[in-house]
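Comments concern the structure below.
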Amino acid sequence: MDASGRCIVHLDLDTFFVSVERLLNSNLIGKPVIIGGMSDRGVVASCSYEARRFGVHSAMPMKMAKSLCSQAVFIRGDMDSYTKYSGIVTEIIAERAPLYEKASIDEHYIDITGMDRFFGNLKWSQELRSYIIRQTGLPVSFGVSVNKTVSKIATGEAKPNGLLQIPGPGVTPFLDPLSIKKIPMIGNKTYQLLRSMGVSRISTLRQIPPDMIERVMGKNGNVIWKKANGIDPAPVQPYSERKSIGTERTFGNDTIDVVMLRNILTAMVEKSAFRLRKEQKLTSCVTVKIRYSNFDTHTLQKLIPYTSFDHILISTAHELFERLYTRRMLIRLIGVKFSHLVQGFQQLSLFENTPEMTGLYQALDRIRLRFGTGAIRRAAGMMDLEEADSLKKK
C-alpha cells in the first residue's frame, strides 16, 4: 500500500465492556450503560455511545457520571467475561492472520503485507471483520493503512462498527484536517502545550520544522512529528503466549520448609507484579514451577481474569503451589511466571468498590520506583534478601 508495500490492519472492539454486557443481557441494547466502580468514589471504566451523548466518558468519577446521566444502567463490570471474549477474538485472529499483535484487551494489529497477491487486503479485512462479528456478536471497527499509527487513527474515524482503508497516497489528505488529539501519544498535557503554540490540526503540526518540535518537547517531539506526517516504522510485534514476566530461585541447600517457600513465592510474585504495573501490562495466566532434589520438574498454571494486582496473583500462586507440592520431597527450585500478557492500564481497578486499594498500590509503587523494588514488601515476604540469597546457588 506504500513504497515499502506495508499493509497494517488495526481492529478495535467498540465499547468492549458495554458490548459484552449487552451480549449477556439484550435488555441493555439501546440504553445508556455505564460500567465502573459503584461507589461515589468509583471511576467510569466504559460507557455506551448513548451515555456519551450526556457528556460521560471513561475515567470520569462515577459521582459525576450519575449526575450527568442518572437514567443510565450502572454496572460494576465482570472482568472474567471480558477476558473470555477477548480470548475468543484473539483465537479467531490467530487462526487466520499471518502476523498479529495483541495490543490490549480490546485491540489488535495485524500485518497482512503481501497478502494482496492472493486475496486483496481490503477484502481479507472485510471478511475477517464479518467473521468476528458473526462468531461473537461483538461490534468491531477496522482501520487498514500503511502503518500502525495511520491504521489506529483510521479505526477511530471508522467507529462505531465500521471499516476504513487509507491507501498510501491518501495518508496526508486523511490526517491533515484531523485534530492533533487523534495522534496516539498526545495526552492532555501535550495537547495543551501544542494548543498554546497555536497548533490544533495535524496539518499545522506537520508543517512545523521537526527540530523546533524537538527543542520544545524533547525526543518525543520528533516521534509525534513523524506520526503527524504518517511516518511510523514500528513493526507488528508477534503475539506469543510464551511472552512472560517471572522469576525463579534455585537453593544452595534443598529445602522442605513450606513456610519459607510460601514466603519466597510471595516475595517473587510481588516483585513480578510490580514489574507488570511498571510496564503497564496485565496478565491472565499464572504458572508456578517446582524442581525436586532429584531434578524432577513440575509446573501448573491457571487462567484468570486480566489483572496486575498483588493480592489476586499471590493467592493464585499459593493455590497452585498447594496443588503442585504433593510429594513432600526436598525442593531445589521454585519459580513463578505471568504470561498471556497484554498492554494496558489496570482496567480491574476501575471496577473496585474500594478505591483505597488502588491508591495503596499506586503509593507502594511510587516508593519502589524511588527507593528500589525491595524498599517495601508484605510481611509474609519479609525474608531478608541476604537470607534468601544465602540459599541460592552461587
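Structural remarks
- Odd one out for Asp40, checked against (1) modelled with pLDDT under 95; (2) in a helix (DSSP H, G or I); (3) not polar (S, T, N, Q): (2)
- Residues within the range 154-163 that are in a loop (DSSP other than H, G, I, E, B) and in contact (Cβ under 8 Å) with a residue 40 or more places away in the chain, tallied: 3
- Looking only at the range 55-91, and only at residues there that are touching a Pro at 6+ places or on another chain (Cβ under 7 Å) and part of a loop (DSSP other than H, G, I, E, B), the one that is nearest to Asp12 (Cα to Cα): Ala72
- Close contacts from the range 317-336, counting a first residue that is surrounded by fewer than 18 Cβ atoms within 10 Å (Cβ to Cβ) and a second that is small (Gly, Ala, Ser), with Cβ to Cβ under 9 Å and a gap of 6+ residues or different chains, come to Met329/Ser293; Leu330/Ser293.
- Residue check, Gly143 of a type outside the set (A, V, I, L, M, F, W, C), in contact (Cβ under 8 Å) with a residue 12 or more places away in the chain and in a strand (DSSP E or B): yes
- For Asn220, the requirement of being surrounded by fewer than 15 Cβ atoms within 10 Å (Cβ to Cβ) and touching a helix residue (DSSP H, G or I) at 6+ places or on another chain (Cβ under 9 Å) is met.
- Test result for Ala228, crowded, with 16+ Cβ neighbours inside 10 Å, touching a Lys or Arg at 6+ places or on another chain (Cβ under 8 Å) and not β-branched (Val, Ile, Thr): yes
- Selection status of Phe321, modelled with pLDDT of 90 or more, assigned to a strand (DSSP E or B) and outside the structural domain of Ser58 (by TED's automatic domain parsing): no
- For the range 248-293, a residue qualifies if it is more than 21 Å from the chain's Cα centre (by Cα) and either hydroxyl-bearing (Ser, Thr, Tyr) or assigned by TED's automatic domain parsing to the domain that holds Glu107 (or both), and the qualifying residues are Thr250, Thr255, Thr266, Tyr292, Ser293.
Residues checked against (1) aliphatic (A, V, I, L, M); (2) within 29 Å of the chain's Cα centre (by Cα); (3) under 26 Å from Phe142 (Cβ atoms):
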{"position": "Pro173", "(1), (2), (3)": "no, no, yes"}
{"position": "Ile183", "(1), (2), (3)": "yes, yes, yes"}
{"position": "Thr190", "(1), (2), (3)": "no, yes, no"}
{"position": "Gln207", "(1), (2), (3)": "no, no, no"}
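- Condition met for Met60 (in contact with a strand residue (DSSP E or B) (Cβ under 6 Å, 6 or more places away or on another chain) and surrounded by fewer than 23 Cβ atoms within 10 Å (Cβ to Cβ)): yes
The values are calculated or read from the model by the stated rules, or taken from the named source; none is laboratory data. It should be emphasised that the depicted structure is a prediction, and the values quoted were computed from it without experimental measurement. Here Cβ is always computed from backbone atoms with ideal geometry, including for glycine, and neighbour counts include all displayed protein chains.
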